[in-house]
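Asks: Input: one structure, supplied below.
The values are calculated or read from the model by the stated rules, or taken from the named source; none is laboratory data. In this text the structure is predicted, and so the values were computed from the model without any measurement. We place every Cβ from the backbone using ideal geometry, glycine too, and count neighbours over all the protein chains shown. For the accessible areas, the whole protein counts, side chains as well, though only heavy atoms, and no ligand, DNA or RNA atoms are used. Shrake-Rupley method; radii C 1.70, N 1.55, O 1.52, S 1.80 Å.
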Amino acid sequence: PVLVAVGKRAKVIGIYSPIARCLKTSLALTMGQQLARDGKVLYVNFEVLTGFRSLIEGDGKGDLSDILYFFRQENFGVMRLKSIVCDWKDMDYIPPVKYPEDLEQLTGEEAANLVECLSSECGYEYIIADLGQVICSMVPVLEKCDIIYMPVKEDGVSSAKLEEFEQYLDVTRHEDLKQRILRVKLPYHSSFGRRDTYMEQLLWGELGDYVRKLLKGVPWK
C-alpha cells in the first residue's frame with residue numbers, strides 16, 4: 001500500500017456496540033470500503049476473535065500483534081506500518097491478532113495512544129476502529145473518535161445493555177461521548193452466497209446502500 005502525505009490528522013471512526021450479533025463488523029468493513037473509494041482508509045480490528053482472516057487472506061507479513069510489539073518498544077513508524085499493512089481493493093487493513101492472548105495485556109490507554117499515532121502520523125484520511133465489547137478498555141479509544149456508529153437492536157435485552165452502557169458513561173464521567181454516538185439500526189442481510197465473495201456482497205447489497213445514505217449526511221466526508 002502507498003500512504004498519502006503525512007500532515008493532516010485522519011478522521012477516526014469508531015464502530016462499537018455493547019450488543020452482540022448486531023452486524024458491527026459488517027458495518028465497519030462496508031464503511032471502510034465505501035470511504036476508500038475516494039480517500040485513504042486504514043481498518044483496525046481490536047476484537048479477540050474477528051473471523052476476518054477467513055474472509056480476507058493477507059500475505060502473512062505480520063498483524064496487530066507485531067504493531068503492538070513495535071509500539072511498546074517505541075520502534076514504530078510509517079515504514080513499520082507499511083511493512084505489515086495489507087490491502088483489500090482500495091482499503092488498507094492491519095491483519096488482526098492470531099491469538100486472543102495477544103490482546104489480554106492491551107490497556108485502553110495503550111490502544112488509544114496507538115489509534116492517535118495511526119491517525120496523526122501515518123498519512124491516512126480515515127481510521128476505522130472496530131472495537132470489542134469490553135467497555136472499560138474501549139472508552140479511551142472512543143474518546144479519540146470523531147464519530148461513533150453504534151448498531152442497535154430493539155429487543156428487551158439489547159435495550160437494557162444500552163441503558164447500562166449509558167449509565168457507565170455517566171458514572172465514569174464520560175457523558176461527552178454521548179454526543180458523538182450515532183445509534184444505527186442496520187438492515188439485516190436477506191441472503192448471501194459464497195463466503196469468498198462476502199465483502200463484495202456487503203458493499204453492493206442492502207448494507208452498502210444503507211452506508212452510502214448514512215455517509216451523505218457526514219459534513220467532513
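Asks: Which of the peptides 121-131, 35-45, 145-155, 70-80 is most tightly packed, and how do the rest follow, going by the mean number of other Cβ atoms within 10 Å of each residue?
Replies: On the way: 121-131: 23.1, 35-45: 20.9, 145-155: 17.5, 70-80: 13.1.
So the peptides 121-131, 35-45, 145-155, 70-80, ranked by packing, come out 121-131, 35-45, 145-155, 70-80.
Asks: Would you list, by chain and number, the lysines whose Cα falls below 25 Å from the Cα of LYS61, excluding same-chain residues fewer than 8 positions away?
Replies: Within reach: LYS40, LYS82, LYS89, LYS98.
Asks: Count the net charge of all other residues whose Cβ sits under 10 Å from the Cβ of ILE94, scoring Lys and Arg as +1 and Asp and Glu as -1.
Replies: Numbers: positive: none; negative: ASP63, ASP66, ASP92.
For residues surrounding ILE94, the net value is -3.
Asks: When the C-alpha atoms of region 61-153 are aligned to their principal axes, what extent does each axis show, in angstrom, from largest down?
Replies: Answer, in whole Å and largest first: 38, 30, 23 Å.
Asks: Per the 1.4 Å probe, what fraction of the accessible area of region 121-190, in percent, lies on carbon and sulfur atoms? Mind dumping the intermediate values first?
Replies: Details: 1740 of 3530 Å².
The nonpolar share, carbon plus sulfur, comes to 49 percent.
Asks: While we're on this one: Determine, from the Cβ-Cβ distance of ARG180 and LYS61 and an R0 of 35 Å, the FRET efficiency 1/(1 + (r/R0)^6), rounded to the nearest 0.05. Please report the intermediate quantities before stating the final value.
Replies: Details: r = 33 Å, r/R0 = 0.96.
Step by step, r from the Cβ atoms, then E = 0.55.
Asks: Leaving out ligands and nucleic acids, and using a 1.4 Å probe, what accessible area per residue does region 68-221 come to in Å²?
Replies: Values: 8300 Å² over 154 residues.
It amounts to 54 Å² per residue over region 68-221.
Asks: A further question on this structure: Quick check: residue separation of SER159 and GLU110 times 0.36 nm, minus the Cα distance between them. What number comes out in nm?
Replies: On the way: separation 49, 0.36 × 49 = 17.64 nm, distance 3.01 nm.
So the extension gain works out to 14.6 nm.
Asks: What ³J(HN,Hα) values, in whole Hz, does the Karplus curve 6.51 cos²θ - 1.76 cosθ + 1.60 give for region 22-31 when θ = phi - 60°, with x put for Gly and Pro?
Replies: 10, 6, 4, 5, 4, 5, 4, 5, 5, 5
Asks: Listed highest first by mean packing, meaning other Cβ atoms within 10 Å per residue, what order do 99-112, 18-31, 199-212 come in? Each step should come with its number before you reach the end.
Replies: Details: 99-112: 14.3, 18-31: 20.8, 199-212: 17.6.
Most protected by this proxy first, the peptides run 18-31, 199-212, 99-112.
Asks: Next question, about the same structure. For LYS153, give me every one of the lysines with a C-alpha distance below 22 angstrom, ignoring sequence neighbours fewer than eight places off in its own chain.
Replies: Here the lysines satisfying the reach criterion relative to LYS153 are LYS24, LYS161, LYS178, LYS185, LYS213.
Asks: Would you kindly derive the ³J(HN,Hα) couplings of region 154-160 from the backbone phi angles with the Karplus curve 6.51 cos²θ - 1.76 cosθ + 1.60 (θ = phi - 60°), listing them in order in whole Hz, with x for Gly and Pro?
Replies: Karplus values, whole Hz, x for Gly and Pro: 9, 6, x, 5, 4, 4, 5.
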